[in-house]
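Working notes, beginning with the structure itself.
The values are calculated or read from the model by the stated rules, or taken from the named source; none is laboratory data. Treat the numbers as computed from the prediction; the structure is a model and nothing was measured. No Cβ is skipped: glycine too gets one built from the backbone with ideal geometry, and neighbour counts run over all protein chains shown. Each accessible area value is taken on the protein alone, full model and side chains, heavy atoms only, with ligands, DNA and RNA left out. Shrake-Rupley method; radii C 1.70, N 1.55, O 1.52, S 1.80 Å.
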Amino acid sequence: KTLNDIETNDNALQKTAGSTFLLKSKKVDAGIYFNPKNWKTIKMSVLPTAEYTFQNLTNPNTMILGCLISENAPVQTLKNLRDIMLASVQAKADYFKLNKSEYRTVNGIKVLFVDYSLNTSGMDFHYIGNYYLTEDGYCNLVAFTYEKEFEKNKSEMMNFINGLVKTEKSKASTTIEYMSPPPPMETKRK
C-alpha cells in the first residue's frame with residue numbers, strides 16, 4: 001500500500017528563520033537555504049549528481065549528512081521521479097522499506113516528500129528528502145543518518161530538507177585577481 005499510495009499534506013511548510021545561507025544549483029532552478037551554524041558543506045564525491053554535500057554540526061559524535069542532488073533529466077511527474085529513485089535505491093540496498101511518501105508545499109513549491117529506511121553492507125540508514133521538478137530536470141534535497149539516530153535528529157533533518165526553494169540557477173563566474181608584483185630583491189653589500 002505504501003508503495004502505491006502517495007498522501008497529500010495540506011500544511012504549507014517553510015524554511016526556518018535560522019536558514020539564512022542560500023546555495024543555488026548550477027543545473028536547475030532550485031537551491032537550498034540552510035543554517036550555517038548547524039550545517040557545513042563538505043567534499044564528498046560518492047554521488048555524481050550531488051552538487052553539494054553537507055554535514056550537520058549540532059552533534060559531532062553523530063553522522064548526519066545531507067545532499068542537494070540535481071540532474072537535467074526529462075522526468076514528467078513527481079510520481080515518476082519517486083518510482084525511478086526507489087528502483088535505483090532498492091537495486092543497491094540489501095534491505096529497503098518505504099516508510100512514507102506525500103505531496104507537500106514547501107516554500108511555495110510543490111514537492112514530493114519521501115521517507116525510507118535501508119540496510120547496505122550490514123548498516124541501517126534512515127533517509128528523508130524533498131523532490132522537486134523544474135523545467136530543466138529535477139532537484140532533491142535529502143538528509144540521512146543511522147537508523148538508531150533518526151528519531152532524536154528528525155527535527156533537525158526536517159528543518160534542513162525544508163530549505164529547498166525555487167531560485168534561478170547559479171551563474172558560474174570566473175574571478176580574476178590581479179596582484180602587485182613583489183618588490184625587487186635587495187642586493188647584499190659587502
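Observations on the structure shown:
- Checked against the criterion of being at pLDDT below 95, open to solvent by 60 Å² or more (accessible area, probe 1.4 Å) and assigned to a helix (DSSP H, G or I), region 24-41 contains not a single residue that satisfies it.
- Meets criteria (modelled with pLDDT under 95 and of a type in the set (Ser, Thr, Tyr)) for Ser121: yes
- Restricting attention to region 138-173, the residues being among the polar types (S, T, N, Q) and within 16 Å of Gly108 (Cα to Cα) number 4.
- Subset of region 51-71 (residues that are open to solvent by 10 Å² or more (accessible area, probe 1.4 Å) and out of contact with any Leu (no Cβ under 7 Å at 6 or more places or on another chain)): Leu57, Thr58, Asn59, Pro60, Asn61, Thr62, Met63, Leu65, Glu71
- Qualifying residues in region 84-96 (those that are of a type outside the set (A, V, I, L, M, F, W, C) and closer than 16 Å to Asp115 by Cβ) - the one most open to solvent (accessible area, probe 1.4 Å): Tyr95
- With respect to the conditions (1) open to solvent by 30 Å² or more (accessible area, probe 1.4 Å); (2) more than 26 Å from Trp39 (Cβ to Cβ), Leu133 falls short on a single one, namely (2).
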